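To start, the structure under review is shown below, and the notes come after it.
The values are calculated or read from the model by the stated rules, or taken from the named source; none is laboratory data. No experiment lies behind these values; they were computed from the predicted model shown. Reconstructed Cβ throughout: ideal geometry from the backbone, glycine too, with neighbour counts over all protein chains shown.
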Amino acid sequence: MALKELEARYATKRAKDYKLADSGGLYLLVRPNGSKLWRLKYRFDGKEKLLALGRYPELSLAEARLRRAEAKVALGQGRDPGAKAPVTPVTTFEQAARAWHKNRIASLDAGHASRLLTRLERDAFPALGSRDLRAITSADVLAMVRSVEARGALDVSRRIKQHVSQIYRFAIPQGWADQDPAAYLSDLLKPKPRTRHMPRIGLRELPDLIRAIDRYDGEENPRRRAITRAALLFSLLTWARTSETRLATWDEFEGLDTAEPLWRVRAERMKMEREHLVPLSTQAAALLIALREHSSSSFVFPGDKLGQPISQNTMIYGCYRMGYRGRQTVHGFRGLASTWANEAEHYRPDWIELALAHAERDEVRGAYNSALYITPRRRMLQEWADTIYGMIDGKAAVSAVMNHSPQRESTT
């Protein structure tokens, strides 16, 4: 029987290696460390051989089957699909960069690997790609970096300089280059502007903010008032960014009526371009259920225009109307939650950072630490929700949504 995508996705690690067979010699090898590797068993010249195709989920089931088909074509032509292609001498920067990227890709998150290569193709290759590795000077690299700085992308300029150094450190031991021309450029880069943290109140003022949201009456239209209140409360409960809340659609939510409700935010909607799983508290799930009863829109928080979500300013204007202009932003809700969790001292930093959908600061550690910590994060967010609802009549916000049911929209 052919392997199913869900079987591959939810295959769990065991004490020993085990295989999930597809067909035609293709199978997924699941290792005790949790890694999942595609393997293709085939025969060539009367001998059984094994071909490593790649790692799941970086290489999907459909892509693995395509690789299997390509291998079968090679066998039909009398070629060994596992035979290494003739080695092409590496002389140019682009050749070295692509070899370095290929060497690292298995240890990187798929989204990060894609962004890294895009960065090189957009900024480095046009200036340095066809140049001989040994002929590139520090001035050449600096000119390329300056062109990136010129468009205001100071974070990218630092990353691209770092990538050049990494590529040369990969190339030098293999005899492709003699020195790193980017080694001494750090002091010449433009400094990044100081980070401007989103305004937020202190934790001592949190009860007043919660009660202000609960009693929110900043809009005359009952429908808009109820939706704004619900969106503010939902963002606070889930630690979500403004865009993640306002663009939420009903098909992203799973099991709202069960003990383990989940919000699955698609990768293309996330800042870090990877899927974000939010275990929902019972209060967040109840709020969604109340909203769902009165909505026919695909958006959880529909706006005034048919088929559109609330605007990007709806919630921040709500903060202004509550008297928090310059003191508290919606993005600042995340800072409040993070401060609360860190000061509690019994939530692990990994749980907090994952709940905020932050990237792992230690790139090497992040490559190996792929745990999602759904259960402890669910407990943390539930305790946060209990804290919030302990400051108000917990049913008030939900009942307000139900009493001021939004006018139904046609499904978008």
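Annotations
- Lone qualifier among Arg204, Arg200, Arg194, Arg229 - being at pLDDT below 90, crowded, with 19+ Cβ neighbours inside 10 Å and either over 23 Å from the mean Cα position of the chain (by Cα) or assigned by TED's automatic domain parsing to the domain that holds Arg377 (or both): Arg200
- Filter pass, Ile213 being assigned by TED's automatic domain parsing to the domain that holds Arg269 and more than 28 Å from the chain's Cα centre (by Cα): yes
- Scope the stretch 36-58; condition under 20 Å from Leu108 (Cβ atoms) and either assigned to a strand (DSSP E or B) or of a type in the set (Val, Ile, Thr) (or both); matching residues: Lys36, Leu37, Trp38, Ala52, Leu53, Gly54, Arg55, Tyr56
- Scanning the stretch 1-50 for residues that are among the acidic types (Asp, Glu) and surrounded by fewer than 11 Cβ atoms within 10 Å (Cβ to Cβ) yields a total of 2.
- Taking the criterion of being under 15 Å from Glu205 (Cα atoms) and surrounded by fewer than 18 Cβ atoms within 10 Å (Cβ to Cβ), the residues of the stretch 308-331 that qualify are Gly323, Arg325, Gly326, Arg327.
- Summed over the stretch 135-166, the residues that are assigned to a helix (DSSP H, G or I) and either hydrophobic (A, V, I, L, M, F, W, C) or more than 27 Å from the chain's Cα centre (by Cα) (or both) give a count of 17.
- Taking the listed residues Ala135, Ala69, the one that is of a type outside the set (Lys, Arg), free of Cβ contacts under 8 Å to residues at least 12 places away in the same chain and more than 21 Å from Arg169 (Cβ to Cβ) is Ala69, with no other qualifying.
- Just one of the listed residues (Arg229, Arg211) is more than 28 Å from Ser296 (Cβ to Cβ), in contact (Cβ under 8 Å) with a residue 40 or more places away in the chain and of a type in the set (Lys, Arg), and it is Arg211.
- Cβ separations smaller than 7 Å between residues 6+ apart or across chains give the following pairs from the stretch 50-62 residues that are within 17 Å of Leu75 (Cβ to Cβ) to residues that are surrounded by fewer than 16 Cβ atoms within 10 Å (Cβ to Cβ) and not hydroxyl-bearing (Ser, Thr, Tyr): Leu50/Lys41; Leu51/Gly82.
- Residue, surrounded by the fewest Cβ atoms within 10 Å (Cβ to Cβ), within the stretch 249-303, restricted to residues that are small (Gly, Ala, Ser) and more than 15 Å from Phe234 (Cα to Cα): Ala259
- Candidates are the residues of the stretch 7-35 that are of a type in the set (Gly, Ala, Ser) and assigned to a loop (DSSP other than H, G, I, E, B); the one that is farthest from Gly82 (Cα to Cα) is Ala15.
- Residue satisfying condition, being touching a residue at least 60 places away in the same chain (Cβ under 8 Å), out of contact with any strand residue (DSSP E or B) (no Cβ under 8 Å at 6 or more places or on another chain), assigned to a helix (DSSP H, G or I) and in the same structural domain as Ala226 (by TED's automatic domain parsing), within set Gly323, Gly318: Gly318
- Counted residues, the stretch 72-109 - those being crowded, with 16+ Cβ neighbours inside 10 Å, in contact (Cβ under 8 Å) with a residue 24 or more places away in the chain and part of a helix (DSSP H, G or I): 7
- Filter pass, Ala177 being crowded, with 16+ Cβ neighbours inside 10 Å and either outside any helix (DSSP H, G or I) or of a type in the set (Gly, Ala, Ser) (or both): yes
Table: residues versus (1) of a type in the set (A, V, I, L, M, F, W, C); (2) assigned by TED's automatic domain parsing to the domain that holds Gly111; (3) over 23 Å from the mean Cα position of the chain (by Cα).
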{"residue": "Pro222", "(1), (2), (3)": "no, no, yes"}
{"residue": "Ala240", "(1), (2), (3)": "yes, no, no"}
{"residue": "Leu262", "(1), (2), (3)": "yes, no, no"}
{"residue": "Met270", "(1), (2), (3)": "yes, no, no"}
{"residue": "Arg274", "(1), (2), (3)": "no, no, no"}
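- Test: residue in the stretch 243-250 that is in a loop (DSSP other than H, G, I, E, B) and small (Gly, Ala, Ser): yes
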